[in-house]
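The values are calculated or read from the model by the stated rules, or taken from the named source; none is laboratory data. Source: prediction; values computed, not measured. Positions of Cβ are backbone-derived with ideal geometry, glycine not excepted, and every protein chain shown enters the neighbour counts. These area figures cover heavy atoms from the full protein model, side chains too; ligands, DNA and RNA do not enter into them. Shrake-Rupley method; radii C 1.70, N 1.55, O 1.52, S 1.80 Å.
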Amino acid sequence: MIDIYFTTFLAVMGAVIGSFLNVVIYRLPLGKNWANGRSACPKCEAPITWKQNIPVLSYLVLKGRCARCRKPISVRYPLVEMVTAALFGAAYLEFGFGSDLAASLLLIVTLVVITGIDIDHQIIPDVITYPAAVAGVLFAFSNNSPELADALIGAATGYGVFFALNWTYILVRKREAMGMGDAKLFAVLGLFLGWQALLPIFIVAVFSCFFFILAHALVCKGTPPKILPFGPFLSLGGLSCLFFDPAAIQSLLFRF
Ligand SMILES: [Zn+2]
């Protein structure tokens, strides 16, 4: 019974934090101050009142349009809020209270922001990955899972694999395959989830990327996507391994 209250509490907290993450995703890459300053409609710049800023609900009440100019508001705003809410609730159910929950919430926040920014701008800012890495090291010292050695090996391997991939590609094709932001993200995932999770994360990322390209080709009648940031797929892999047993994911996907 208690669990229902706390799960709901975490989900509501997730929706509120998701609303803040929307601001970070929008403002951080533009170099705007994301910590304070009132939000405004990006089209008519009308300030958004607190009533119009209630996660998910305001979007429904306003029927997805700005209260002043009636221009459509991106469906991504309530989507980010709902996804963060669901992940926060699920994290409580999975980990209960404690430092494992704190680590998982921090990882969720990091991955949601990276996904949003990478989709919009094809970058994974250091200002997100570096603090996450520092937090990951601290959690590795204090938490039992993953063990400290596994976390540190995970970080080094995660970075190393993408570093090697990138250089191989540069040598062969004479241009960069992906930014080192992906390497740093993979290192952070290795820190939080241990080196054992890296291969399953990578497999989930490659599989989901493949299905995305396939779905895109079906919907858009054969045209491949113009740009394809890899961060969202790595994030999906990371979330899968946060909630499910990495070894089970690996054996499941290897059967294909
Ligand atoms: Zn407006």
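The table for this structure:
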read-out: GNM flexibility winner over the chain from L189, L242, L214 (Cα, springs under 10 Å); value: L214
read-out: Rounded if a/c under 1.5, otherwise prolate or oblate - the chain, Cα gyration tensor axes; value: oblate
read-out: Under 28 Å from K43, Cα to Cα: lysines that are on another chain or at least 8 residues apart; value: K32, K51, K63, K71, K226
read-out: Selected from Q196, Q52, Q122 as most flexible by GNM, with the chain as the system and alpha-carbon contacts under 10 Å; value: Q52
read-out: Listed residue (W195, I153, L252) projecting farthest to the positive dipole end of the range 99-256, Cβ model; value: L252
read-out: Positive minus negative residues near G231 (Lys, Arg vs Asp, Glu; Cβ under 14 Å); value: -3
read-out: Listed residues V113, V56, V134, most fluctuating in the chain (Gaussian network, C-alpha, under 10 Å); value: V134
read-out: Unit charges on C-beta of K, R, D, E only; dipole of the range 1-97, Debye; value: 780
read-out: Of the DSSP H helices in the chain, those whose Cα atoms cover at least 27 Å axially and whose Kyte score averages 0.5 or more; value: 2-27, 76-95, 99-121, 148-173, 198-219
read-out: Calculated [θ] (222 nm, deg cm²/dmol) that DSSP helices of n ≥ 4 give over the chain, each run adding -39,500 (n - 2.57); value: -23000 deg cm²/dmol
read-out: Surface share of carbon and sulfur [accessible, 1.4 angstrom probe, percent] for the chain; value: 70
read-out: Dipole magnitude of the chain, debye to nearest 20 (Cβ charges: Lys/Arg +1, Asp/Glu -1, about Cα centre); value: 1480
read-out: Farthest positive-ward along the chain dipole, Cα basis, beta-carbon charges - from S208, Y130, G31; value: G31
read-out: Selection from I4, A90, Y77 lying farthest towards where the dipole of the range 1-97 points positive, charges on Cβ; value: Y77
read-out: Tensor-based shape of the range 1-97 (alpha-carbon gyration tensor, a/c under 1.5 rounded, otherwise prolate or oblate); value: prolate
read-out: Peptide ranges 69-81, 17-29 listed from the most packed, as the mean C-beta count within 10 angstrom indicates; value: 17-29, 69-81
read-out: 1.4 Å probe accessible area per residue over the chain, in Å²; value: 56
